[in-house]
């Protein structure tokens, strides 16, 4: 593996492909894979492919052209070439890219790409760790071919998709979206002593990655979202139930009355008791559910 890794970095191009490939599963199979250190301004295309082909930029930068769209890509980004679509890609003159590519096909290819959030109208994806992605593709390369262990190569292919999926490229509407999973966990467990760490652990990512997802999609930190969700739930209980202030506090995931009152006042401009009193004198808009307030 280390020798192959050194070869990939030292040589301009390393391609592993074969017509006599061992197809473990006809629903998804590897067509080719490789690495290339491109010369400044190196271009491929316009051209079409008869299979799906994904490029991952491991270093440097360049441009990808499909239809009337142009995308500039840097380290940690990649692009998808869809069968029969005319594409062109060109290395930067000042910082030519070093990329890896993986070609594949099969009936499961399109559904997997959809789950990762990569589609015809969104052919760009991201990944968090260029070195880790390089190792995954090197493993795929090492075990790809008719005389190699096709199961290990396919395992690496799924690991490749996993790297892209975990980086958050996948469609916001996909049911297993990381943000949706995190929100679902918070909405179901806010009354328990959950933390940012427990939310991250539940969905299988580290705390910093979860923070980036929340800031990108909601423009708040995970902790801010959790506290606000609890506070708006407590406001809802104050208006819609006869629970005592202490009962509302515990039911909303807080365990210290002084801290709860302080956080509540900061959010609503009054104490929980004052909020309930105002609600008894006239309508207090809470839109029926704390979810609508976040």
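The values are calculated or read from the model by the stated rules, or taken from the named source; none is laboratory data. Fair warning: this is a prediction, and the values are worked out from it, not measured in the lab. Note: ideal-geometry Cβ built from the backbone for every residue, glycine included; neighbour counts use all protein chains shown.
Structure summary
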{"item": "Residue ranges of strands (runs of 3 or more DSSP E) in the stretch 73-163 with at least 3 members at pLDDT 90 or above and over 15 Å from residue 56 (Cβ atoms)", "result": "87-91"}
{"item": "Odd one out for residue 212 among (1) at pLDDT below 95; (2) touching a helix residue (DSSP H, G or I) at 6+ places or on another chain (Cβ under 7 Å)", "result": "(2)"}
{"item": "Some residue of the stretch 100-109 being touching a helix residue (DSSP H, G or I) at 6+ places or on another chain (Cβ under 9 Å) and more than 14 Å from residue 29 (Cα to Cα)", "result": "yes"}
{"item": "Meets criteria (more than 13 Å from residue 52 (Cα to Cα) and buried (at least 22 other Cβ atoms within 10 Å of the Cβ)) for residue 113", "result": "no"}
{"item": "Number of the condition not met by residue 49 [criteria: (1) in a loop (DSSP other than H, G, I, E, B); (2) within 15 Å of residue 125 (Cα to Cα)]", "result": "(2)"}
